[in-house]
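The values are calculated or read from the model by the stated rules, or taken from the named source; none is laboratory data. Treat the numbers as computed from the prediction; the structure is a model and nothing was measured. Here the Cβ positions follow ideal geometry from the backbone for every residue, glycine too, while neighbour counts run over all protein chains shown.
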Amino acid sequence: MSKRLPEDFIFGGATAAYQAEGATKTDGKGRVAWDTFLEENYWYTAEPASDFYNQYPVDLKLCEEFGINGIRISIAWSRIFPNGYGEVNPKGVEFYHKLFAECKKRKVEPFITLHHFDTPEVLHSNGDFLNRENIEHFLNYAKFCFEEFTEVNYWTTFNEIGPIGEGQYLVGKFPPGIKYDFEKLFQSHHNMVLAHAKAVNLFKKNGYHGEIGMVCALPTKYPYDPNNPGDVRAAELDDIIHNKFILDATFKGEYSKETMEGVNHILKVNGGKLDLREEDFEELKAAKDLNDFLGINYYMSDWMTEYDGENEIVHNATGNKGSSKYQLKGIGQRKANESIPRTDWDWIIYPKGLYDQIFRVKRDYPNYKKIYITENGLGYKDVFEDNTVYDDARIDYIRQHLEIISDAIKDGANVKGYFLWSLMDVFSWSNGYEKRYGLFYVDFETQKRYPKKSAYWYKKVAETKEVE
Ligand code: BGP
């Protein structure tokens with residue numbers, strides 16, 4: 001029997017400014033750290049991306065035609081403030097007004113993210129969020145947007161604080177490319193949740209229009225052998241790094257005893273000391289019940305086993321299956337049963353992990369109010385033929401996750417929408433243009449869009465609310 005989703009459910013598509021817009025030097029846009037980092041470390045750049053800067057009317061028309069009634073878009077901070085602060089760039093402001101007007105025309109609800117990995121270069125090079133001054137610059141940028149873009153109903157402060165810290169300071173695949181620095185990792189998490197809390201407090205104090213929340217990547221962590229206490233501990237510690245530290249700060253306004261015990265253990269083994277101030281917790285506490293929603297980005301789960309050797313993370317950027325490695329001293333090592341399916345980039349496909357994660361939030365953070373699944377999707381080496389892509393594997397992936405969401409709702413979780421990553425093909429931060437996710441195939445040379453088989457399938461689900 002097919003599973004149903006509620007009548008008022010949002011069937012959305014997700015994008016991010018830097019991965020979609022292109023036009024990185026157009027109309028006064030300021031540089032971001034990624035511009036230089038991609039030039040120096042990867043085989044591609046953010047040009048042309050999906051040329052969303054010019055193609056957005058085409059993409060929004062496709063949304064309307066395919067029953068997609070929500071879109072995640074991020075504002076590029078450096079289009080509004082090319083240097084991160086100071087003078088406003090009117091051309092950037094105008095672009096987003098035009099984009100939001102087009103959303104309205106096509107009856108697609110925009111969910112707007114203020115920061116999706118793209119801190120302006122001027123601020124990134126002086127420490128990004130490790131530098132507390134930049135929290136104030138972020139707040140000024142947020143305040144400007146709240147007051148300027150009154151047509152927006154849903155605001156997200158940050159996309160994925162966890163992977164930012166991980167990419168920048170643990171794996172080194174994001175600028176500034178630092179590895180195994182746990183002090184910077186946790187400090188970045190802390191300072192960014194603090195910036196989020198300050199933005200939420202400001203939003204509510206000034207009574208701005210709309211709702212506000214945050215988007216977290218929440219990969220579920222399981223012990224490889226649930227009967228081995230070392231594996232159980234490894235799963236707990238990896239969960240603290242990626243999920244629990246951030247969720248605690250956001251929804252409890254403090255770090256629980258177990259969280260701090262885990263963090264202190266990690267810092268003892270790997271070195272480092274955190275700057276956590278009393279006044280930070282006042283802000284966090286004031287904001288903890290004010291989040292209107294939590295966005296969950298869910299792609300994968302991980303299984304962990306105990307590990308005490310040297311740190312080694314190998315990032316699989318090219319889709320060479322089985323080439324990744326993740327093992328951290330005194331924390332754990334990723335090791336999953338071979339029978340569990342995974343993508344060519346070694347992301348483990350496990351829909352039940354989403355169900356477990358939703359119920360973990362419900363159990364541990366009962367003040368979460370409501371959840372949107374703000375990203376989920378399959379990165380695949382799509383084959384373009386007959387002017388389309390027969391992406392049955394993607395349909396299967398989405399189906400399994402929508403079914404699990406339907407179950408979660410039936411079992412009492414408040415999940416209000418789903419945004420497939422990605423609406424159209426975009427480039428992937430650390431994997432380039434070959435890792436595609438879209439419902440619409442993008443020929444990056446001509447910028448023409450072609451609906452994939454999954455787009456027709458998704459349209460039917462959005463129309464009938466039945467997951468077939
Ligand atoms: C999330 C990001 C997105 C997107 C997605 C897919 O972490 O919010 O911006 O890139 O993951 O990841 P990837 O591009 O690495 O495959």
Just checking, how many residues over region 397-451 are outside any strand (DSSP E or B) and within 16 Å of the ligand (Cβ to nearest atom)? 18
Would you check which residues across region 366-381 are outside any strand (DSSP E or B), within 16 Å of the ligand (Cβ to nearest atom) and touching a helix residue (DSSP H, G or I) at 6+ places or on another chain (Cβ under 8 Å) and list them? ASN376, GLY377, LEU378
Qualifying residues in region 29-78 (those that are closer than 17 Å to PRO110 by Cβ and among the β-branched types (Val, Ile, Thr)) - the one farthest from the chain's Cα centre (by Cα): VAL58
If the Cβ limit is 6 Å and pairs must be 6+ apart or interchain, which residue in region 412-438 that is under 16 Å from PRO110 (Cβ atoms) and touching a residue at least 40 places away in the same chain (Cβ under 8 Å) pairs with which residue that is in a strand (DSSP E or B) and of a type in the set (S, T, N, Q)? PHE419/THR374
Pairs where the first residue, in region 309-338, is within 21 Å of GLY262 (Cα to Cα) and the second is among the small types (Gly, Ala, Ser), C-beta under 6 Å, 6+ apart: GLY332/ALA234
Could you count how many residues in region 32-85 are among the β-branched types (Val, Ile, Thr) and not in a loop (DSSP other than H, G, I, E, B)? 6
Which residues, taken from region 102-135, are over 30 Å from ASP280 (Cα atoms) and either within 16 Å of the ligand (Cβ to nearest atom) or in a loop (DSSP other than H, G, I, E, B) (or both)? ARG106, LYS107, VAL108
Give me the residue from region 321-342 that is touching a helix residue (DSSP H, G or I) at 6+ places or on another chain (Cβ under 8 Å) and part of a loop (DSSP other than H, G, I, E, B) and, out of that set, farthest from LEU237 (Cα to Cα). LYS329
Looking across region 382-396 at residues that are among the acidic types (Asp, Glu) and not in a helix (DSSP H, G or I), the single one that is farthest from the ligand (Cβ to nearest atom) is ASP386
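Can you tell me how many residues in region 25-51 are within 17 Å of GLY92 (Cα to Cα), buried (at least 22 other Cβ atoms within 10 Å of the Cβ) and of a type outside the set (Gly, Ala, Ser)?
The number of residues fulfilling the criteria is 2.
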Please determine whether any residue of region 375-386 is free of Cβ contacts under 8 Å to residues at least 40 places away in the same chain and within 18 Å of CYS216 (Cα to Cα). no
Sort out which residues of region 437-456 are among the polar types (S, T, N, Q) and under 22 Å from the mean Cα position of the chain (by Cα), and write them in order of number. SER454
Among residues of region 137-196, those that are farther than 29 Å from LEU99 by Cα and charged (D, E, K, R), counted: 6
Restricting region 24-67 to residues that are of a type in the set (Gly, Ala, Ser) and under 24 Å from GLU160 (Cα atoms), which is farthest from the ligand (Cβ to nearest atom)? GLY30
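For the condition at pLDDT 95 or above, within 21 Å of ASN311 (Cα to Cα) and of a type in the set (Lys, Arg), what is the one hit in LYS285, LYS273?
After applying the criteria, what remains is LYS273.
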